[in-house]
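To start, the structure itself, in structure tokens.
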Amino acid sequence: STSLLSSVQGVAVELARITKTYGSQHALNDLSLSVKPGEFVALLGPSGCGKTTALRALAGLESIDSGTILINGEDVTEQPTNKRDMGMVFQSYSLFPHLTAGENVEFGLRMRKVNASDRRARAAAALSMVGLDSHQGRYAHELSGGQQQRVALARALVTEPRVLLLDEPLSALDAKVRVQLREEIRRIQTELGITTLFVTHDQEEALAVADRVAVMQAGTIEQIGTPEELYRTPATPFVAEFIGLSNRVPGIVSDGSVEVLGQWLPLLHPETANGPVRVMLRPEDIELAPAGIAATVVSSSFLGSLRRTRVRLADDTLVNVQHGVRENPEAGTVVYLTLNGTAVAVGPA
Ligand code: ATP
């Protein structure tokens, strides 16, 4: 199936200082993003942060007020959508209801005046790539949600676009199908080597599939990095709290270290100003120990390979602790904690 799309080549995509306003509302606020050839980048952020606007601006579906869009080094800012050569998949099923799966996939080829036998062959190969060989003759209402999104993916890829844009393509699907399909999208993307931007508000999804994740807030990118970089070295308090499960506890910064509950920890950002702060600690950096910080167990959940226990500190702060399944603290009992790792100051006390 990859030979079908043999002309797909990873291209670099660059958004430089993009601004877009709706009235007085900044949807995109000086947003810059560089995507490498063949890279899979997720745009992740809360509702209204501008993810969809960024994707639509890249596709040429939305005009921008200022900034430059480059594809493969070529300035496409003034080019119409059809010249930009992008394949798109949207959240809601966008198949033509009066066409079969095969005809839906052929549609873009028909627009490009590809002859009938080539169309049929390429549509069949694209449907095979998404695992729907035998569903060519079905109409949208005869397909499940997941199957419809597979057809939409085949339709987006069959014209061999330069870039693949996915706008929450999985969010209307149930959890199991969502996970299956994201793995499949990742497999196909890797096989083709097609540069891909994937919009999602689901952090687990973004971390699971993307080479790099761009965390957005208020129309701009707060940080872009590999999932591990974002988790371990968040550049801002927003990223620290948005990615992964975190605990907030009070602390006092002194010259690059922070005193938390009577223990000293290094700060990820040692330049943090001295004084009282709120500190973010990851659940796996808090350990159950024979002695240390006293806490009362509120609840404990078995999560298969690990256990997560919620405890209440003396000052009433609730904290999540992650530990092995051999320890099974009972609600109401007193346990002791020690702190490891690196703390991130996420705000004033
Ligand atoms: P969601 O996850 O909820 O779709 P998003 O991150 O994709 O959010 P956008 O849809 O890009 O966010 O919207 C960014 C901002 O621009 C929001 O404040 C939104 O209300 C505003 N906006 C988007 N489209 C329009 C429009 N056509 N007219 C006016 N305001 C708009």
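Some points to look at:
- Among residues of segment 242-253 that are in a loop (DSSP other than H, G, I, E, B), those with a beta-carbon under 9 Å from a residue that is of a type in the set (F, W, Y) at least six positions away or on a different chain give the pairs I243/Y231; G244/Y231.
- Of the strands (runs of 3 or more DSSP E) lying entirely inside segment 1-115, those containing at least 1 residues that are within 13 Å of the ligand (Cβ to nearest atom) span 13-22, 25-35, 40-44.
- Taking the listed residues T226, T190, T196, the one that is in the same structural domain as A12 (by TED's automatic domain parsing), touching a helix residue (DSSP H, G or I) at 6+ places or on another chain (Cβ under 7 Å) and of a type outside the set (G, A, S) is T196, with no other qualifying.
- When segment 276-309 is filtered for residues that are surrounded by fewer than 17 Cβ atoms within 10 Å (Cβ to Cβ), under 25 Å from the mean Cα position of the chain (by Cα) and in a strand (DSSP E or B), only R308 remains.
- For R150, the conditions (1) over 22 Å from E106 (Cβ atoms); (2) part of a helix (DSSP H, G or I); (3) touching a Gly at 6+ places or on another chain (Cβ under 9 Å); (4) among the charged types (D, E, K, R) all hold with the exception of (1).
- Of all the listed residues (L99, L127, L109), the sole one being within 23 Å of D174 (Cα to Cα) and touching a residue at least 24 places away in the same chain (Cβ under 8 Å) is L127.
- Residues of segment 188-203 satisfying the condition of being surrounded by fewer than 15 Cβ atoms within 10 Å (Cβ to Cβ) and either over 18 Å from K36 (Cα atoms) or under 14 Å from the mean Cα position of the chain (by Cα) (or both): none
The values are calculated or read from the model by the stated rules, or taken from the named source; none is laboratory data. If you're wondering where the values come from, they're calculated on a predicted model, not measured in any experiment. Cβ: placed from backbone, ideal geometry, glycine included. Neighbour counts: every protein chain shown.
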